[in-house]
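Below is a structure I'd like to ask you about.
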Amino acid sequence: MENKKIVAKEIKAMNGVVALLLLILGMAVACVMGVVGGMITESDTLPAALGGVMLVVGVVLIVVFSIMFAGLKTVYPNEARIFTLFGKYHGTISKAGFYYINPFSTAVGPTAAKNAEPSPAQAKPTAQQSVRRAVSLKTQTLNNDKQKVNDVLGNPIIIGAIVIWKVVDPTAAVFAVENYKEYLSIQTDSIVRNTSRLYPYDIFDDDDDDGGVKDEKSLRGSALEIADNMKTELQARVADAGLLIEEVRITHLAYAEEIAAAMLQRQQAAAIIAARQKIVDGAVGMVKMAIDKLSEDEIVVLDDERKAVMVSNLLVVLCGNKDAQPVVNSGTIY
(Lines give C-alpha, C1' and ligand atoms only; values in the text may rest on other atoms or scores of the structure.)
Protein backbone atom coordinates (compact mmCIF):
# COMPACT_ATOMS: atom_id res chain seq x y z
CA MET A 1 0.00 0.00 0.00
CA GLU A 2 1.41 3.36 -1.03
CA ASN A 3 2.09 5.83 1.76
CA LYS A 4 0.06 9.01 1.59
CA LYS A 5 2.23 12.10 1.49
CA ILE A 6 1.47 14.58 4.26
CA VAL A 7 1.36 18.18 3.08
CA ALA A 8 3.00 20.59 5.52
CA LYS A 9 0.87 23.36 6.98
CA GLU A 10 1.77 26.16 9.36
CA ILE A 11 -0.16 26.37 12.61
CA LYS A 12 -1.84 29.72 13.22
CA ALA A 13 -0.72 29.91 16.82
CA MET A 14 -1.60 32.56 19.39
CA ASN A 15 1.09 34.78 20.87
CA GLY A 16 2.48 32.90 23.84
CA VAL A 17 3.03 35.96 26.03
CA VAL A 18 -0.59 37.09 25.70
CA ALA A 19 -1.83 33.56 26.33
CA LEU A 20 0.40 33.22 29.40
CA LEU A 21 -0.96 36.47 30.91
CA LEU A 22 -4.54 35.37 30.25
CA LEU A 23 -3.90 31.98 31.82
CA ILE A 24 -2.30 33.55 34.89
CA LEU A 25 -5.25 35.92 35.19
CA GLY A 26 -7.74 33.07 34.79
CA MET A 27 -5.88 30.98 37.35
CA ALA A 28 -5.95 33.89 39.79
CA VAL A 29 -9.70 34.36 39.27
CA ALA A 30 -10.28 30.64 39.77
CA CYS A 31 -8.27 30.68 43.00
CA VAL A 32 -10.22 33.69 44.25
CA MET A 33 -13.52 31.98 43.42
CA GLY A 34 -12.42 28.90 45.29
CA VAL A 35 -11.37 30.89 48.37
CA VAL A 36 -14.54 33.02 48.33
CA GLY A 37 -16.70 29.94 47.84
CA GLY A 38 -15.10 28.29 50.82
CA MET A 39 -15.65 31.38 52.94
CA ILE A 40 -19.33 31.60 51.88
CA THR A 41 -19.83 27.94 52.72
CA GLU A 42 -18.63 28.50 56.26
CA SER A 43 -20.62 31.73 56.65
CA ASP A 44 -23.95 31.73 58.49
CA THR A 45 -25.38 34.79 56.73
CA LEU A 46 -24.90 33.74 53.07
CA PRO A 47 -26.46 30.70 51.40
CA ALA A 48 -24.18 27.67 51.59
CA ALA A 49 -25.34 26.46 48.16
CA LEU A 50 -23.88 29.55 46.51
CA GLY A 51 -20.61 29.01 48.26
CA GLY A 52 -20.55 25.37 47.23
CA VAL A 53 -21.18 26.25 43.60
CA MET A 54 -18.41 28.88 43.61
CA LEU A 55 -16.02 26.44 45.27
CA VAL A 56 -16.72 23.72 42.71
CA VAL A 57 -16.44 26.15 39.79
CA GLY A 58 -13.17 27.51 41.18
CA VAL A 59 -11.67 24.03 41.51
CA VAL A 60 -12.81 23.07 38.01
CA LEU A 61 -11.32 26.25 36.56
CA ILE A 62 -8.02 25.60 38.34
CA VAL A 63 -7.89 22.14 36.76
CA VAL A 64 -8.84 23.49 33.31
CA PHE A 65 -6.29 26.30 33.39
CA SER A 66 -3.62 23.87 34.61
CA ILE A 67 -4.28 21.72 31.54
CA MET A 68 -4.29 24.76 29.26
CA PHE A 69 -0.78 25.69 30.38
CA ALA A 70 0.39 22.68 28.34
CA GLY A 71 -0.41 24.63 25.17
CA LEU A 72 2.52 26.99 25.68
CA LYS A 73 5.27 26.03 23.24
CA THR A 74 8.72 27.50 22.56
CA VAL A 75 10.43 27.22 19.16
CA TYR A 76 14.11 28.07 18.97
CA PRO A 77 15.92 29.68 15.99
CA ASN A 78 16.68 27.33 13.08
CA GLU A 79 14.34 24.70 14.48
CA ALA A 80 10.86 23.45 13.69
CA ARG A 81 8.32 21.58 15.75
CA ILE A 82 5.70 19.22 14.33
CA PHE A 83 2.48 18.54 16.25
CA THR A 84 -0.18 15.86 16.10
CA LEU A 85 -3.67 16.05 17.59
CA PHE A 86 -5.31 12.77 18.61
CA GLY A 87 -3.15 10.81 16.19
CA LYS A 88 -3.56 13.14 13.20
CA TYR A 89 -1.15 15.70 11.80
CA HIS A 90 -2.03 19.05 13.34
CA GLY A 91 0.59 21.38 11.85
CA THR A 92 4.12 22.73 11.97
CA ILE A 93 5.71 25.76 13.58
CA SER A 94 8.95 26.73 11.84
CA LYS A 95 9.37 30.31 13.06
CA ALA A 96 11.19 30.98 16.30
CA GLY A 97 9.08 32.37 19.12
CA PHE A 98 6.76 31.70 22.04
CA TYR A 99 3.35 30.37 21.03
CA TYR A 100 0.12 28.97 22.38
CA ILE A 101 -1.63 26.12 20.58
CA ASN A 102 -4.12 23.40 21.39
CA PRO A 103 -2.97 21.96 24.75
CA PHE A 104 -3.83 18.42 23.63
CA SER A 105 -1.45 18.57 20.65
CA THR A 106 1.75 16.53 20.97
CA ALA A 107 5.13 17.37 19.53
CA VAL A 108 6.69 14.57 17.47
CA GLY A 109 10.24 14.16 16.33
CA PRO A 110 12.39 11.71 14.37
CA THR A 111 12.39 8.17 15.68
CA ALA A 112 15.64 7.14 17.32
CA ALA A 113 17.75 4.53 15.57
CA LYS A 114 16.69 1.08 16.76
CA ASN A 115 20.15 -0.49 16.66
CA ALA A 116 22.02 2.48 18.02
CA GLU A 117 23.69 1.88 21.37
CA PRO A 118 24.41 5.05 23.34
CA SER A 119 27.92 5.64 24.56
CA PRO A 120 28.59 5.67 28.32
CA ALA A 121 28.63 9.48 28.22
CA GLN A 122 25.17 9.51 26.61
CA ALA A 123 23.64 6.63 28.56
CA LYS A 124 21.47 9.00 30.58
CA PRO A 125 19.99 11.76 28.39
CA THR A 126 19.48 15.12 29.97
CA ALA A 127 16.03 16.53 30.65
CA GLN A 128 16.38 18.94 27.74
CA GLN A 129 17.25 16.08 25.34
CA SER A 130 14.29 13.96 26.49
CA VAL A 131 11.67 16.77 26.47
CA ARG A 132 12.52 18.77 23.35
CA ARG A 133 11.39 17.04 20.19
CA ALA A 134 12.34 19.60 17.57
CA VAL A 135 13.74 19.14 14.07
CA SER A 136 16.91 21.12 13.49
CA LEU A 137 16.99 23.26 10.33
CA LYS A 138 20.70 24.03 10.70
CA THR A 139 23.29 22.98 8.14
CA GLN A 140 24.82 19.70 9.30
CA THR A 141 27.73 17.48 8.28
CA LEU A 142 27.56 13.73 7.79
CA ASN A 143 30.99 12.12 7.96
CA ASN A 144 30.56 8.90 6.05
CA ASP A 145 32.64 5.97 7.30
CA LYS A 146 35.48 4.66 5.16
CA GLN A 147 34.44 1.74 2.96
CA LYS A 148 36.41 -0.91 1.14
CA VAL A 149 35.09 -1.38 -2.39
CA ASN A 150 36.35 -2.44 -5.81
CA ASP A 151 36.79 0.09 -8.59
CA VAL A 152 35.82 -0.58 -12.21
CA LEU A 153 39.10 -2.46 -12.78
CA GLY A 154 38.55 -4.69 -9.75
CA ASN A 155 41.20 -3.04 -7.57
CA PRO A 156 40.22 -2.90 -3.87
CA ILE A 157 40.19 0.69 -2.62
CA ILE A 158 39.20 2.50 0.57
CA ILE A 159 37.00 5.56 0.10
CA GLY A 160 35.23 7.99 2.42
CA ALA A 161 33.08 11.07 1.87
CA ILE A 162 31.33 13.86 3.77
CA VAL A 163 27.89 15.28 3.06
CA ILE A 164 26.82 18.85 3.89
CA TRP A 165 23.02 18.83 4.28
CA LYS A 166 20.04 20.36 6.04
CA VAL A 167 16.32 19.80 6.52
CA VAL A 168 14.09 21.98 4.32
CA ASP A 169 10.79 20.18 4.90
CA PRO A 170 10.60 19.13 8.57
CA THR A 171 7.16 17.56 8.13
CA ALA A 172 8.40 15.18 5.44
CA ALA A 173 11.56 14.48 7.45
CA VAL A 174 9.45 13.24 10.37
CA PHE A 175 6.60 11.44 8.61
CA ALA A 176 8.11 10.24 5.30
CA VAL A 177 10.93 8.11 6.78
CA GLU A 178 11.56 6.35 10.09
CA ASN A 179 14.71 8.31 10.93
CA TYR A 180 15.95 10.87 8.41
CA LYS A 181 19.54 10.91 9.71
CA GLU A 182 19.88 7.15 9.50
CA TYR A 183 18.15 7.21 6.12
CA LEU A 184 20.64 9.77 4.79
CA SER A 185 23.59 7.77 6.11
CA ILE A 186 22.42 4.56 4.42
CA GLN A 187 21.74 6.33 1.12
CA THR A 188 25.18 7.94 1.25
CA ASP A 189 26.83 4.54 1.75
CA SER A 190 24.96 3.21 -1.25
CA ILE A 191 25.88 6.17 -3.46
CA VAL A 192 29.58 5.98 -2.53
CA ARG A 193 29.72 2.25 -3.24
CA ASN A 194 27.89 2.46 -6.55
CA THR A 195 29.95 5.42 -7.74
CA SER A 196 33.26 3.78 -6.80
CA ARG A 197 32.41 0.78 -8.97
CA LEU A 198 31.92 2.96 -12.06
CA TYR A 199 35.40 4.53 -12.20
CA PRO A 200 39.01 3.40 -11.87
CA TYR A 201 41.13 4.68 -9.00
CA ASP A 202 43.63 6.24 -11.42
CA ILE A 203 44.46 6.24 -15.12
CA PHE A 204 47.73 4.71 -16.31
CA ASP A 205 49.17 4.66 -19.79
CA ASP A 206 48.50 0.95 -20.16
CA ASP A 207 44.91 1.02 -18.86
CA ASP A 208 43.55 1.25 -22.40
CA ASP A 209 44.90 -2.25 -23.01
CA ASP A 210 43.26 -3.59 -19.83
CA GLY A 211 39.78 -2.12 -20.01
CA GLY A 212 39.63 0.74 -22.44
CA VAL A 213 39.44 3.41 -19.73
CA LYS A 214 42.39 5.58 -20.68
CA ASP A 215 40.27 8.56 -21.71
CA GLU A 216 37.65 8.18 -18.97
CA LYS A 217 37.36 9.80 -15.57
CA SER A 218 39.12 8.49 -12.49
CA LEU A 219 38.35 8.77 -8.79
CA ARG A 220 41.66 10.52 -8.14
CA GLY A 221 41.84 12.72 -11.21
CA SER A 222 38.17 13.74 -11.46
CA ALA A 223 37.24 13.84 -7.76
CA LEU A 224 35.33 17.14 -7.94
CA GLU A 225 33.26 16.18 -10.98
CA ILE A 226 32.47 12.75 -9.55
CA ALA A 227 31.50 14.35 -6.22
CA ASP A 228 29.05 16.62 -8.05
CA ASN A 229 27.49 13.57 -9.72
CA MET A 230 27.21 11.93 -6.30
CA LYS A 231 25.48 15.05 -4.95
CA THR A 232 22.91 15.02 -7.77
CA GLU A 233 22.13 11.33 -7.33
CA LEU A 234 21.96 11.57 -3.54
CA GLN A 235 19.63 14.59 -3.73
CA ALA A 236 17.26 12.64 -5.94
CA ARG A 237 17.12 9.82 -3.38
CA VAL A 238 16.52 11.92 -0.25
CA ALA A 239 14.25 14.60 -1.74
CA ASP A 240 11.13 12.79 -0.49
CA ALA A 241 12.54 12.95 3.05
CA GLY A 242 12.64 16.75 2.97
CA LEU A 243 16.44 16.98 2.88
CA LEU A 244 18.63 19.31 0.83
CA ILE A 245 22.14 18.17 -0.11
CA GLU A 246 24.40 21.20 -0.31
CA GLU A 247 27.73 19.51 -1.00
CA VAL A 248 29.39 16.10 -1.28
CA ARG A 249 33.15 15.74 -1.12
CA ILE A 250 35.49 12.72 -1.18
CA THR A 251 37.67 13.01 1.93
CA HIS A 252 39.64 9.76 1.79
CA LEU A 253 40.83 7.78 -1.20
CA ALA A 254 43.53 5.12 -1.11
CA TYR A 255 44.32 1.63 -2.29
CA ALA A 256 43.57 -1.17 0.14
CA GLU A 257 46.50 -2.44 2.18
CA GLU A 258 46.81 -5.71 0.26
CA ILE A 259 47.66 -3.97 -3.03
CA ALA A 260 48.95 -0.59 -1.86
CA ALA A 261 52.63 -1.58 -2.20
CA ALA A 262 52.16 -3.10 -5.66
CA MET A 263 50.26 -0.08 -6.98
CA LEU A 264 52.90 2.25 -5.53
CA GLN A 265 55.57 0.38 -7.48
CA ARG A 266 53.43 0.69 -10.60
CA GLN A 267 53.09 4.44 -10.12
CA GLN A 268 56.84 4.76 -9.55
CA ALA A 269 57.56 2.71 -12.67
CA ALA A 270 55.22 4.88 -14.73
CA ALA A 271 56.94 8.02 -13.42
CA ILE A 272 60.41 6.60 -14.20
CA ILE A 273 59.36 5.64 -17.74
CA ALA A 274 57.94 9.09 -18.39
CA ALA A 275 61.11 10.73 -17.08
CA ARG A 276 63.32 8.45 -19.18
CA GLN A 277 61.35 9.31 -22.30
CA LYS A 278 62.04 13.00 -21.77
CA ILE A 279 65.72 12.31 -21.06
CA VAL A 280 66.11 10.24 -24.22
CA ASP A 281 64.34 12.84 -26.36
CA GLY A 282 66.60 15.55 -24.99
CA ALA A 283 69.75 13.44 -25.35
CA VAL A 284 69.02 12.60 -29.00
CA GLY A 285 68.47 16.27 -29.75
CA MET A 286 71.74 17.26 -28.06
CA VAL A 287 73.70 14.57 -29.93
CA LYS A 288 72.26 15.65 -33.27
CA MET A 289 73.03 19.28 -32.48
CA ALA A 290 76.62 18.40 -31.53
CA ILE A 291 77.27 16.43 -34.73
CA ASP A 292 75.65 19.10 -36.91
CA LYS A 293 77.68 21.83 -35.21
CA LEU A 294 80.97 19.95 -35.69
CA SER A 295 80.23 19.34 -39.37
CA GLU A 296 79.02 22.88 -39.95
CA ASP A 297 82.09 24.55 -38.45
CA GLU A 298 84.38 21.88 -39.98
CA ILE A 299 86.12 21.41 -36.65
CA VAL A 300 86.62 17.72 -37.30
CA VAL A 301 85.51 15.40 -40.09
CA LEU A 302 84.08 12.11 -38.85
CA ASP A 303 83.20 9.09 -40.89
CA ASP A 304 80.11 7.00 -40.19
CA GLU A 305 81.93 4.62 -37.86
CA ARG A 306 83.34 7.46 -35.72
CA LYS A 307 79.98 9.19 -35.67
CA ALA A 308 78.40 5.97 -34.37
CA VAL A 309 81.03 5.75 -31.59
CA MET A 310 80.51 9.41 -30.69
CA VAL A 311 76.72 9.00 -30.61
CA SER A 312 77.05 5.93 -28.41
CA ASN A 313 79.37 7.69 -25.96
CA LEU A 314 77.22 10.83 -25.75
CA LEU A 315 74.05 8.82 -25.17
CA VAL A 316 75.72 6.85 -22.40
CA VAL A 317 76.84 10.06 -20.72
CA LEU A 318 73.54 11.92 -21.13
CA CYS A 319 71.20 9.02 -20.25
CA GLY A 320 73.19 7.47 -17.44
CA ASN A 321 71.95 7.44 -13.84
CA LYS A 322 75.31 8.51 -12.44
CA ASP A 323 77.76 11.25 -13.30
CA ALA A 324 80.19 10.27 -16.04
CA GLN A 325 83.91 9.96 -15.20
CA PRO A 326 85.96 11.75 -17.88
CA VAL A 327 88.79 9.85 -19.61
CA VAL A 328 91.48 11.85 -21.42
CA ASN A 329 92.70 10.26 -24.62
CA SER A 330 96.39 11.13 -25.03
CA GLY A 331 96.72 9.34 -28.36
CA THR A 332 94.96 9.69 -31.65
CA ILE A 333 91.34 8.93 -32.28
CA TYR A 334 92.43 6.82 -35.25
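When both residues are 6+ apart or on different chains and their Cβ atoms are under 6 Å apart, which pairs have a first residue that lies in segment 219-246 and is β-branched (V, I, T), and a second that is assigned to a strand (DSSP E or B)?
I245/W165
Hey, another quick one. Just the residues that are in a loop (DSSP other than H, G, I, E, B) and over 20 Å from L137 (Cα atoms), please, taken from segment 92-109.
Restricting attention to segment 92-109, the residues satisfying the condition of being in a loop (DSSP other than H, G, I, E, B) are 94-96, 101-105, 109.
Listed by number, the residues that qualify are I101, N102, P103, F104, S105.
Something else: Taking segment 38-89 on its own, how many of its residues are outside any helix (DSSP H, G or I), open to solvent by 50 Å² or more (accessible area, probe 1.4 Å) and in contact (Cβ under 8 Å) with a residue 12 or more places away in the chain?
Counting residues in segment 38-89 that are outside any helix (DSSP H, G or I), open to solvent by 50 Å² or more (accessible area, probe 1.4 Å) and in contact (Cβ under 8 Å) with a residue 12 or more places away in the chain gives 5.
Which of the following residues is over 51 Å from the mean Cα position of the chain (by Cα) and either modelled with pLDDT under 70 or under 30 Å from K146 (Cβ atoms) (or both): L302, L264? Spell out how you get there, then give the answer.
Values: L264 fails: over 51 Å from the mean Cα position of the chain (by Cα).
Criteria check complete, one pass: L302.
Would you check which residues across segment 156-168 are within 20 Å of K138 (Cβ to Cβ) and surrounded by fewer than 22 Cβ atoms within 10 Å (Cβ to Cβ) and list them? Full working, then the answer.
Step one: of segment 156-168, the residues within 20 Å of K138 (Cβ to Cβ) are 162-168.
Residues satisfying the conditions are I162, I164, K166, V168.
So, in segment 100-155, exactly how many residues are open to solvent by 70 Å² or more (accessible area, probe 1.4 Å), in contact with a Phe, Trp or Tyr (Cβ under 9 Å, 6 or more places away or on another chain), at pLDDT 90 or above and not β-branched (V, I, T)?
The total comes to 1.
Out of the residues in segment 209-220 meeting the condition of being assigned to a loop (DSSP other than H, G, I, E, B) and open to solvent by 60 Å² or more (accessible area, probe 1.4 Å), tell me which one is modelled with the lowest pLDDT. Spell out the reasoning first.
Quick first cut of segment 209-220, residues assigned to a loop (DSSP other than H, G, I, E, B) only: 211-220.
Then drop every residue that is not open to solvent by 60 Å² or more (accessible area, probe 1.4 Å), which leaves 214-217, 220.
Values: K214: 43, D215: 51, E216: 74, K217: 79, R220: 80.
Ranking the qualifying residues of segment 209-220, first place goes to K214.
Does I11 fit the bill of being under 30 Å from E178 (Cα atoms), open to solvent by less than 80 Å² (accessible area, probe 1.4 Å), within 33 Å of the chain's Cα centre (by Cα) and not basic (K, R)? Break it down stepwise before answering.
Details: under 30 Å from E178 (Cα atoms): yes; open to solvent by less than 80 Å² (accessible area, probe 1.4 Å): yes; within 33 Å of the chain's Cα centre (by Cα): yes; not basic (K, R): yes.
For I11, the condition - under 30 Å from E178 (Cα atoms), open to solvent by less than 80 Å² (accessible area, probe 1.4 Å), within 33 Å of the chain's Cα centre (by Cα) and not basic (K, R) - is met.
Test L25 against the stated conditions and say whether it is among the aliphatic types (A, V, I, L, M), at pLDDT 90 or above and more than 28 Å from V174 (Cα to Cα). Steps first, please.
Working: among the aliphatic types (A, V, I, L, M): yes; at pLDDT 90 or above: yes; more than 28 Å from V174 (Cα to Cα): yes.
Considered against the rule, which asks whether it is among the aliphatic types (A, V, I, L, M), at pLDDT 90 or above and more than 28 Å from V174 (Cα to Cα), L25 comes out as yes.
The values are calculated or read from the model by the stated rules, or taken from the named source; none is laboratory data. It should be emphasised that the depicted structure is a prediction, and the values quoted were computed from it without experimental measurement. Note: ideal-geometry Cβ built from the backbone for every residue, glycine included; neighbour counts use all protein chains shown. These accessible areas exclude ligands, DNA and RNA; they are computed on the full protein's heavy atoms, side chains included. Shrake-Rupley method; radii C 1.70, N 1.55, O 1.52, S 1.80 Å.
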